[in-house]
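The values are calculated or read from the model by the stated rules, or taken from the named source; none is laboratory data. What you are looking at is a predicted structure, and each value in this text was computed from that prediction instead of being measured. Please note: Cβ atoms are built from the backbone with ideal geometry, for glycine as well, and neighbour counts cover all protein chains shown. SASA here: full protein model, heavy atoms, side chains in, ligands and nucleic acids out. Shrake-Rupley method; radii C 1.70, N 1.55, O 1.52, S 1.80 Å.
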Amino acid sequence: MKKIRIAIVGYGRSGRNIHTKALKNLTDLFTVVAYADADAQRRQMIKDEMGIDAYTDWTGFIGRDDIDLVVNSSFSHHHADISKKLMEAGFNVLSEKPAAKNAEEFDSILEVMKKTGKKYFVFQQYRFSPAFMKLREIVESGILGRTVQISMNYDGFSRRWDWQTVHDWTAGSLLNTAPHPTDHCLTLMGYPEDVKVNCFMDTARTFGDGEDYVKMILSAPGKPVADIQVSSCNAYAPKTFLVQGTRGTIYGDTKRLDWKYYTDAENPPKELTTVPLRDENGVPIYCREQLVTHEEFWENPVNDGEVKSQNYYRALYETLVNGADFEVKLEQIRLQMRVMGEAHAQNAGLFE
């Protein structure tokens, strides 16, 4: 079986804790052959943990003929520039999110991709979450009826003071965390090009100037409303997923999903009446009924956090080696970037 040879830029929380960890479980498909990190301590960690001498930056990869794909897990504000330079140097690229700071910068990456003919991907591994894939299966089965609202909640009760709270570093909760629930919502909405954005942001508990509260509403004609919330202020955070349909609801997180629904066959349509309702004695009554409902649940048999990254890489392997159509389309990423760009524009005063 052909192995894809990978080089990784950055050995931080993403390069080490996500990408390297996932690839260690996929040694039949991938092998990591090179690393680059500007930090001397992390280069020593790479040598100790991976048995590889690391370069100080990605330019050390130039001239090597044993690299099929470079994973760009550098600082967020370097993603676009490094991705473009890697492709210009002849490498295929998998970029961490956010791929760019806005849609315009993302377009410049796509231009380089077209000019060089290299392959370019964005690491939206949450699309491959077993829990989200199950939720999507339930929604698309139609058992819940027409979807009315999708709610994605990524709340917590915490404070941050690292570089990912600095707006100039392409940071803040919108670009750090919200790409995942935004991708989920847009996927369930069918990625409508005419999507409208309404967003409210705040810098509440952060020690940087990047937002740590995001409330974003997405809507489009004929599509469900999407409610995305990422807050550091919620000590009583609800579960991650809530989907409301005309015949049922699904609620849960990455460990368990519960859904409740009714069928039209068991609950025939009522005849509309404008005559005030009353009981057999003429006493006014409220309009209510006891629906015949069903409840089901699904428990995740795996560690969702680990498996979604492995699932992403397995799908990527099928694309790179066997030419399979890749699930995460670049036009979808661009729409996501446009949505988040509009959200930032609506809150421009927060960053002045």
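Numbers at a glance
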| quantity | calculated |
| --- | --- |
| Counted residues, the stretch 61-77 - those being buried (at least 21 other Cβ atoms within 10 Å of the Cβ) and either within 17 Å of residue 101 (Cβ to Cβ) or basic (Lys, Arg) (or both) | 4 |
| When residues of the stretch 1-29 are limited to those that are assigned to a helix (DSSP H, G or I) and free of Cβ contacts under 8 Å to residues at least 40 places away in the same chain, the one most open to solvent (accessible area, probe 1.4 Å) | 24 |
| Residue list for the stretch 78-117, restricted to those being open to solvent by 60 Å² or more (accessible area, probe 1.4 Å) and closer than 20 Å to residue 57 by Cβ | 78, 81, 85, 88 |
| Selected residue [of a type in the set (Lys, Arg) and over 22 Å from residue 320 (Cβ atoms)] from 134, 115, 97 | 134 |
| Hits in the stretch 259-278 - residues which are of a type outside the set (Val, Ile, Thr) and open to solvent by less than 50 Å² (accessible area, probe 1.4 Å) | 259, 261, 267 |
| Filter pass, residue 209 being open to solvent by 20 Å² or more (accessible area, probe 1.4 Å), of a type outside the set (Gly, Ala, Ser), at pLDDT below 95 and assigned to a loop (DSSP other than H, G, I, E, B) | yes |
| Where a residue in the stretch 70-83 is free of Cβ contacts under 8 Å to residues at least 60 places away in the same chain and its partner, wherever it lies, is open to solvent by 10 Å² or more (accessible area, probe 1.4 Å), with Cβ under 6 Å and at least six apart | 80/105 |
| Single condition residue 32 does not satisfy, out of (1) open to solvent by less than 80 Å² (accessible area, probe 1.4 Å); (2) farther than 22 Å from residue 314 by Cβ; (3) not in a helix (DSSP H, G or I) | (2) |
| Hits in the stretch 228-241 (condition: farther than 20 Å from residue 337 by Cβ and either assigned to a loop (DSSP other than H, G, I, E, B) or not polar (S, T, N, Q) (or both)) | 232, 233, 234, 235, 236, 237, 238, 239, 240, 241 |
| Candidates 187, 116, 147, 182, filtered to the one that is modelled with pLDDT of 95 or more and touching an Asp or Glu at 6+ places or on another chain (Cβ under 7 Å) | 116 |
| Unmet requirement for residue 215, which otherwise passes all of (1) closer than 30 Å to residue 163 by Cβ; (2) out of contact with any Phe, Trp or Tyr (no Cβ under 8 Å at 6 or more places or on another chain) | (2) |
| Residue selected from the stretch 297-352 under the condition open to solvent by 40 Å² or more (accessible area, probe 1.4 Å) and acidic (Asp, Glu), by the criterion modelled with the lowest pLDDT | 352 |
| Failed item in (1) within 24 Å of residue 296 (Cα to Cα); (2) open to solvent by 10 Å² or more (accessible area, probe 1.4 Å), with residue 215 passing the rest | (1) |
| Single condition residue 174 does not satisfy, out of (1) at pLDDT below 90; (2) in contact with a His (Cβ under 7 Å, 6 or more places away or on another chain) | (1) |
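Here is a yes/no grid of residues against (1) in contact (Cβ under 8 Å) with a residue 24 or more places away in the chain; (2) touching a Pro at 6+ places or on another chain (Cβ under 7 Å):
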position: 98; (1), (2): yes, yes
position: 106; (1), (2): yes, no
position: 109; (1), (2): yes, no
position: 117; (1), (2): no, no
position: 123; (1), (2): yes, no
